[in-house]
Amino acid sequence: MNEFSDTELRRLDLTLLLVFLGLIRHRKAALVAAELGLTPSAVSQALKRLRGLFGDPLFLRQPHGLEPTAIALALATPVAAAVDALRHAMGATRQFDPARARGSIRLAALDAAQIVLVPPLVRQLQAQAPGLQLAVLPLGRGDALAALASGEADAAVGFIWNVPAGISQMPLYTEDYLVAGPPRLLAGGLDLDGYAGAPHVLVSPGGGLSGIVDEALQALGRSRRVIAALPAFLPALAAAAETGALVTLPRRIARAHAAAHGLAVAEPPLTIRPYPVALFWHRRNDGDARTVWLAGGIASIAADLTRAQGATATGSSLPIDGRIPTGSAGSPA
């Protein structure tokens, strides 16, 4: 494709580029209109202008949405780079004012991080940035990294190893485990025989019937009886309360929510490796004032929760080197 002349560039405004990138991401004009605060008619007009400028349909209507043409796909990366460069150039000296901010924050987080961090984050946004909406994307590690790279997510919280070079990270806290169960079973503590002999509810996002607890038990020549595997922690607590079983779960979740289900908590009678929780974002946003503000707010929430719950391990003392073994808030426990 020949380079655009200055006359042609005059016909290309930033809204057209944002509409183009929105259609690349969402493939639906209605979603792009909602994201950019435009009417569906305005998006249709923008697409008409784009087609005239590039001499190509760019997006073909299909039953599942708008399918980009080969030319649209070829344009996606350079257009995104150009918009990012312009965004950073124009905002290099701009200060972020949360009280006046408008738009949405899209955070990728799985169950454990949602339970621990999202409720206080919603409260913080309402107090400091009421014009910002929070959308939480339940994405695992690989999908979360892809969402950061594509711009679908602004940040991600969780446990990720082998972090790509293009992703920045900030440790938040280190999480370990407690056992929740009927008070009659946990009165006076819990020994290994009592733990191994009790029925267990397993938290397993992938539906597996064993996890890091079973690995730790196997190393001791022991095993346990898993009666159910659930994909999330709060349903697991409810199931444990209903059946009289034990459930091993992150300390912060156990302390905050076990009592509401009529369950007591105790230290596990075996060593279960802890895991670090961190905040991740794409490095193109390292200098973005909104990202810096968001990261600071989430770090403050994590520190407050750590102090309130009396946890001894903090993320600030734990380097994340990208080589952490498996077993985490997104893995079976």
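General remarks:
- Count - residues of region 152-168 that are open to solvent by less than 60 Å² (accessible area, probe 1.4 Å) and of a type in the set (S, T, N, Q): 1
- Selection within region 109-124 - without any contact (Cβ under 8 Å) to a residue 60 or more places away in the chain and surrounded by 13 or more Cβ atoms within 10 Å (Cβ to Cβ): Ala109, Gln114, Val118, Val122
- For Leu190, the conditions (1) in a loop (DSSP other than H, G, I, E, B); (2) under 22 Å from the mean Cα position of the chain (by Cα); (3) not hydroxyl-bearing (Ser, Thr, Tyr) all hold with the exception of (2).
- Any chance Ile227 is modelled with pLDDT under 95 and either open to solvent by 10 Å² or more (accessible area, probe 1.4 Å) or out of contact with any Pro (no Cβ under 6 Å at 6 or more places or on another chain) (or both): no
- Region 34-44, residues that are more than 16 Å from Arg61 (Cβ to Cβ) and either of a type in the set (Val, Ile, Thr) or under 24 Å from the mean Cα position of the chain (by Cα) (or both): Ala34, Glu35, Leu36, Thr39
- Residue within region 194-205 that is open to solvent by 70 Å² or more (accessible area, probe 1.4 Å) and more than 30 Å from Gly296 (Cβ to Cβ) present: no
- For Arg61: the one exception among (1) open to solvent by 50 Å² or more (accessible area, probe 1.4 Å); (2) assigned to a strand (DSSP E or B); (3) in contact with a helix residue (DSSP H, G or I) (Cβ under 9 Å, 6 or more places away or on another chain): (3)
- The lone exception for Ala144 - which of (1) over 30 Å from His282 (Cα atoms); (2) buried (at least 23 other Cβ atoms within 10 Å of the Cβ) it fails: (1)
- Some residue of region 285-292 being under 30 Å from Ala196 (Cα atoms) and among the charged types (D, E, K, R): no
- None of Leu121, Leu185 is part of a helix (DSSP H, G or I), of a type in the set (A, V, I, L, M), over 20 Å from Arg283 (Cα atoms) and modelled with pLDDT under 95 except Leu185.
- In the set (1) more than 17 Å from Pro276 (Cβ to Cβ); (2) in contact with a Leu (Cβ under 9 Å, 6 or more places away or on another chain), Ile167 fails one condition alone, (1).
- Pair list, Cβ under 7 Å, 6 or more apart: region 152-180 residue in contact (Cβ under 8 Å) with a residue 40 or more places away in the chain, other residue of a type in the set (S, T, N, Q) and open to solvent by 30 Å² or more (accessible area, probe 1.4 Å): Val163/Gln169; Pro171/Ser316; Tyr173/Thr314; Thr174/Thr314
- Count of region 237-294 residues, restricted to those that are part of a loop (DSSP other than H, G, I, E, B), within 19 Å of Met170 (Cβ to Cβ) and touching a Gly at 6+ places or on another chain (Cβ under 8 Å), is 1.
- Residue ID - most open to solvent (accessible area, probe 1.4 Å), chosen from residues in region 206-224 that are touching a strand residue (DSSP E or B) at 6+ places or on another chain (Cβ under 8 Å) and within 15 Å of Asp191 (Cα to Cα): Arg224
The values are calculated or read from the model by the stated rules, or taken from the named source; none is laboratory data. Remember, predicted model here, so these are calculated numbers, not experimental data. Note that each Cβ is placed from the backbone with ideal geometry, even for glycine, and that neighbours are counted across all protein chains shown. Heads up: the accessible areas ignore ligands, DNA and RNA and are worked out on the full protein's heavy atoms, side chains in. Shrake-Rupley method; radii C 1.70, N 1.55, O 1.52, S 1.80 Å.
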